[in-house]
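Colleague: Right, I'll just put the structure down here and ask away after.
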Amino acid sequence: MRRNRFTDKESLLFLIIGIALFVFPFIYEDRSMLILFTQIFIFAIFAMSYDILLGFTGIVSFGHAMFFGIGAYCVSVMLKHHEPTMLLVTGAISLGVLFSLIISFVVGLMTLRLKSHYYAMLTLALAGLFLVAAEKWRTLTYGNDGFTFQVPEFFHDRLHFYLVCLVLMVIVYFGLKRFIQSPLGRILLAIKDNEQRAESLGYQVLHYKIIASIVAGGIASLSGSLYALSLRFVNTSVFTMDITLDALLMTIIGGVGTLIGPVLGAAIIELAHHWLTGLAKVHWIFERWLILFGIVYILAVMFFPNGIVGSVRKLVSKKEKKEDVSTSENIVKEG
């Protein structure tokens, strides 16, 4: 009950912020801020997909970028060789999601029988396989040089693309929230808490893990497609380990197993990146923004081990318990 109360309040807060972000560009016109917020929305979708694995199923994957890259290349290749229309973009995104669903199913069957770090390392190897394939298949991908492509006229206005990404982020959030609160989602949480106990109760743990992998892979593909459309350029960097690490950091900093945490983590990391790189003009040390951000990350883990959202939930829960105890004591005294 308490967990549901937390998630309901967070969902209401998320909806209010979403409405505010929808109104924001009509009040404050700034192209650079539009682009920055668009990147936040895209990586928020990607981080939420990773949270389904890590936060709600207990699966640590180092190869999540493969689905991100599949979505990015599906859209990019289609728009490179055909006239850019909204119908083509929709079809290309759907194709990328479908392809990712199939790959995640196959990869899940191959890898999810393994435990902990064995699974993580095998997913890293598979992602590396996709990276090498993209680098070698130059006739299609142009290798590490990448290629540019045209987007539909509707997306020439950055405001339109901003609104599309915002709406998709909100839809993904509430869709995943419904998924987690469903009986299937409850089983995933049980598997995360105690896999052996869930298996002893008769649940086919492997099947449920594969379902979680499929859902996460499809949503990661969507975010990859949006990422490519935002840059209007793609290269093999979309398959690198850095992309997966970004999702991991966003999830951990925001709060594992919270859904809204990865959204907050995406905002913090993207804003910090933008702010620290902007300070490079002030002093050369800020050109090494990754070092500074690494320090911030270490401090965040030390002082917020459950992530920002998880730590806030813990504090509120402790306060409510104290109030409940105090109320019970008062009732006993009055009695």
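Colleague: Can you name the residue in the range 138-180 that is basic (Lys, Arg) and in contact (Cβ under 8 Å) with a residue 24 or more places away in the chain and is also surrounded by the most Cβ atoms within 10 Å (Cβ to Cβ) among such residues?
Modeller: To start, the set of residues in the range 138-180 that are basic (Lys, Arg) comprises 138, 158, 177-178.
Filter once more, so that each one left must be in contact (Cβ under 8 Å) with a residue 24 or more places away in the chain: 158, 177.
Details: Arg158: 15, Lys177: 19.
Step by step, filter the range 138-180, then rank; the result is Lys177.
Colleague: Find the residue count for the range 85-114, including only residues that are more than 23 Å from the chain's Cα centre (by Cα) and either of a type in the set (D, E, K, R) or surrounded by 18 or more Cβ atoms within 10 Å (Cβ to Cβ) (or both). Walk me through it before giving the result.
Modeller: Taking the range 85-114 first, the residues more than 23 Å from the chain's Cα centre (by Cα) are 85-88, 110, 113-114.
Checking which are either of a type in the set (D, E, K, R) or surrounded by 18 or more Cβ atoms within 10 Å (Cβ to Cβ) (or both) leaves us with 113.
Total meeting the criteria: 1.
Colleague: Still on this model: Any residue that is assigned to a loop (DSSP other than H, G, I, E, B) and under 21 Å from the mean Cα position of the chain (by Cα) - is there at least one of those in the range 127-138? If you could, list the steps in order and put the result at the bottom.
Modeller: At the first step, the residues of the range 127-138 found to be assigned to a loop (DSSP other than H, G, I, E, B) are 137.
Imposing the further condition that a residue be under 21 Å from the mean Cα position of the chain (by Cα) reduces the set to none.
No; the residues of the range 127-138 include none that is assigned to a loop (DSSP other than H, G, I, E, B) and under 21 Å from the mean Cα position of the chain (by Cα).
Colleague: Of the conditions (1) touching a residue at least 60 places away in the same chain (Cβ under 8 Å); (2) farther than 17 Å from Phe161 by Cβ, Ile45 satisfies every one except a single condition; which number is it?
Modeller: (2)
Colleague: Looking only at the range 52-70, which residues are closer than 16 Å to Ser221 by Cβ and in contact with a Leu (Cβ under 6 Å, 6 or more places away or on another chain)? Can you show your working first?
Modeller: Within the range 52-70, the subset closer than 16 Å to Ser221 by Cβ is 52-53, 61, 63-70.
Answer for the range 52-70, where residues must be closer than 16 Å to Ser221 by Cβ and in contact with a Leu (Cβ under 6 Å, 6 or more places away or on another chain): Ser61, Gly63.
Colleague: If you take the residues of the range 41-76 that are surrounded by fewer than 21 Cβ atoms within 10 Å (Cβ to Cβ) and within 20 Å of Gly224 (Cα to Cα), which of them is modelled with the lowest pLDDT? Show your work before the answer.
Modeller: Going residue by residue through the range 41-76, those that are surrounded by fewer than 21 Cβ atoms within 10 Å (Cβ to Cβ) are 58, 60, 62.
Those left that are additionally within 20 Å of Gly224 (Cα to Cα): 60, 62.
Values: Val60: 88, Phe62: 91.
Per the stated criteria, the residue is Val60.
Colleague: Could you check how many residues of the range 268-283 are modelled with pLDDT under 75, in a helix (DSSP H, G or I) and either touching a strand residue (DSSP E or B) at 6+ places or on another chain (Cβ under 9 Å) or surrounded by fewer than 16 Cβ atoms within 10 Å (Cβ to Cβ) (or both)? Walk me through how you get there before you give the answer.
Modeller: Taking the range 268-283 as the starting set, the residues that turn out to be modelled with pLDDT under 75 are 276-283.
Next cut, in a helix (DSSP H, G or I) only: 276-281.
Retained after the next criterion (residues that are either touching a strand residue (DSSP E or B) at 6+ places or on another chain (Cβ under 9 Å) or surrounded by fewer than 16 Cβ atoms within 10 Å (Cβ to Cβ) (or both)): 277-281.
Of the residues in the range 268-283, 5 are modelled with pLDDT under 75, in a helix (DSSP H, G or I) and either touching a strand residue (DSSP E or B) at 6+ places or on another chain (Cβ under 9 Å) or surrounded by fewer than 16 Cβ atoms within 10 Å (Cβ to Cβ) (or both).
Matching residues to (1) part of a helix (DSSP H, G or I); (2) surrounded by fewer than 12 Cβ atoms within 10 Å (Cβ to Cβ); (3) acidic (Asp, Glu); (4) at pLDDT below 85:
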| site | (1), (2), (3), (4) |
| --- | --- |
| Gly257 | no, no, no, no |
| Pro262 | yes, no, no, no |
| Gly265 | yes, no, no, no |
| Ile285 | yes, no, no, yes |
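Colleague: Considering each of Ile17, Ile52, Ile59, Ile45 in turn, give the residue that is over 21 Å from Gly185 (Cα atoms) and among the β-branched types (Val, Ile, Thr). Reasoning before the result, please.
Modeller: On the way: Ile52 fails: over 21 Å from Gly185 (Cα atoms); Ile59 fails: over 21 Å from Gly185 (Cα atoms); Ile45 fails: over 21 Å from Gly185 (Cα atoms).
So the residue among Ile17, Ile52, Ile59, Ile45 that is over 21 Å from Gly185 (Cα atoms) and among the β-branched types (Val, Ile, Thr) is Ile17.
Colleague: Within the range 177-205, work out how many residues are over 18 Å from Gly108 (Cβ atoms), of a type outside the set (Ser, Thr, Tyr) and assigned to a loop (DSSP other than H, G, I, E, B). Working first, answer last.
Modeller: First pass over the range 177-205, keeping only residues over 18 Å from Gly108 (Cβ atoms): 177-178, 180-183, 186, 189-190, 193-194, 196-197, 200-202.
Add one more test, that the residue is of a type outside the set (Ser, Thr, Tyr), and what stays is 177-178, 180-181, 183, 186, 189-190, 193-194, 196-197, 201-202.
If we keep only those that are assigned to a loop (DSSP other than H, G, I, E, B) too, we end up with 194, 201-202.
Final tally of qualifying residues: 3.
Colleague: Mind checking which residues of the range 196-210 are touching a residue at least 40 places away in the same chain (Cβ under 8 Å) and more than 13 Å from Phe56 (Cβ to Cβ)? Before you say what the answer is, go through the steps one by one.
Modeller: If we filter the range 196-210 for residues that are touching a residue at least 40 places away in the same chain (Cβ under 8 Å), which is where we start, we get 206, 208-210.
Listed by number, the residues that qualify are Leu206, Ile210.
Colleague: Please go through the range 115-129 and give me each residue that is over 15 Å from Leu53 (Cα atoms) and among the small types (Gly, Ala, Ser), ordered by number.
Modeller: Ala125, Ala127, Gly128
Colleague: Quick one: would you say Ala216 is part of a helix (DSSP H, G or I), touching a residue at least 12 places away in the same chain (Cβ under 8 Å) and not acidic (Asp, Glu)?
Modeller: Yes: the conditions hold for Ala216.
Colleague: Scanning for something surrounded by fewer than 21 Cβ atoms within 10 Å (Cβ to Cβ), under 30 Å from Gly294 (Cβ atoms) and either at pLDDT below 95 or among the charged types (D, E, K, R) (or both), does the range 186-202 turn up at least one residue?
Modeller: Kept after step one, since they are surrounded by fewer than 21 Cβ atoms within 10 Å (Cβ to Cβ), are these residues of the range 186-202: 186-187, 189-190, 192-202.
So of that shortlist, the ones also under 30 Å from Gly294 (Cβ atoms) come out as 192.
Subsequent filtering for residues that are either at pLDDT below 95 or among the charged types (D, E, K, R) (or both) retains 192.
Scanning the range 186-202, I find at least one residue that is surrounded by fewer than 21 Cβ atoms within 10 Å (Cβ to Cβ), under 30 Å from Gly294 (Cβ atoms) and either at pLDDT below 95 or among the charged types (D, E, K, R) (or both), so the answer is yes.
The values are calculated or read from the model by the stated rules, or taken from the named source; none is laboratory data. Small disclaimer: the values here were computed from a predicted structure and weren't measured. All Cβ positions, even for glycine, are placed from backbone atoms using ideal geometry, and neighbour counts span all protein chains on display.
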